[in-house]
Amino acid sequence: MPIIAAVTASILLIVQQLLMLGIGIQRRRKRIGVGIGDNDIDMERIVRRHGNLAENGPIYVITLALLELVVGSTIPVAVLACLFLIARALHIIAFSSLGGSHAKGNRKFLLVRMSGVMLTAIVSFLTALYLLIAVIIA
């Protein structure tokens, strides 16, 4: 049973729903229906924050679950899952401010955002590679 993937999926789904609620609150506050409004960069920021997790989370959880089914609930699988959650948290933190999504020159938020992006890419690549090698060996 892929317990680590299930816990990871649960955490990501809770976060995803919280981000979605943030969009709904923003839409109501600014009276924006579908889309992001007329160049509302704040709305764009929170929609991108939500959408980026929606793009990366599901495929990662599927790959993680397959890996866990092949190799078991091992420490490396747990570490990869934790690193992915950290990576996504960094990205969300960066996109919690216009300084992380739109402002030029805000090095702190840019560093947090780029760290989240790079860690997501590295962990995803390692997870996929680990699964591929495990399947070839099996």
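Computed values, structure above
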quantity: Mean Cβ neighbour count within 10 Å, used as a protection proxy, ranking 131-138, 63-70 highest first; calculated: 63-70, 131-138
quantity: Residue 3-residue 118 FRET efficiency (beta carbon distance; Förster radius 35 Å; 0.05 resolution); calculated: 0.80
quantity: FRET efficiency, residue 125 to residue 30 (Cβ-Cβ, R0 30 Å, nearest 0.05); calculated: 0.20
quantity: Heavy-atom accessible area ranking, 1.4 Å probe, most first, across 125, 95, 109; calculated: 125, 109, 95
quantity: Percentage relative contact order, the chain, counting C-alpha pairs under 8 Å, at least six apart; calculated: 28 percent
quantity: Calculated FRET value between residue 79 and residue 107, using beta carbons and R₀ = 41 Å, to 0.05; calculated: 0.90
quantity: Protein accessible area in the chain, 1.4 Å probe - carbon and sulfur %; calculated: 72 percent
quantity: Stretch gain in nm, segment residue 89-residue 70, where the contour uses 0.36 nm per residue and the Cα spacing is subtracted; calculated: 4.1 nm
quantity: Accessible area per residue, Å², the chain with all protein chains present, probe 1.4 Å; calculated: 59 Å²
quantity: Rounded to whole Hz, the Karplus (6.51, -1.76, 1.60) HN-Hα couplings of the stretch 5-11, x for glycine and proline; calculated: 5, 5, 5, 4, 4, 4, 4
quantity: Per residue convex hull volume, Cα atoms of the chain, in Å³; calculated: 101 Å³
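The values are calculated or read from the model by the stated rules, or taken from the named source; none is laboratory data. Not measured: the values here are computed from a predicted model. All Cβ positions, even for glycine, are placed from backbone atoms using ideal geometry, and neighbour counts span all protein chains on display. The protein model used for the area step is the full one, side chains on, heavy atoms only, and it has no ligands, DNA or RNA in it. Shrake-Rupley method; radii C 1.70, N 1.55, O 1.52, S 1.80 Å.
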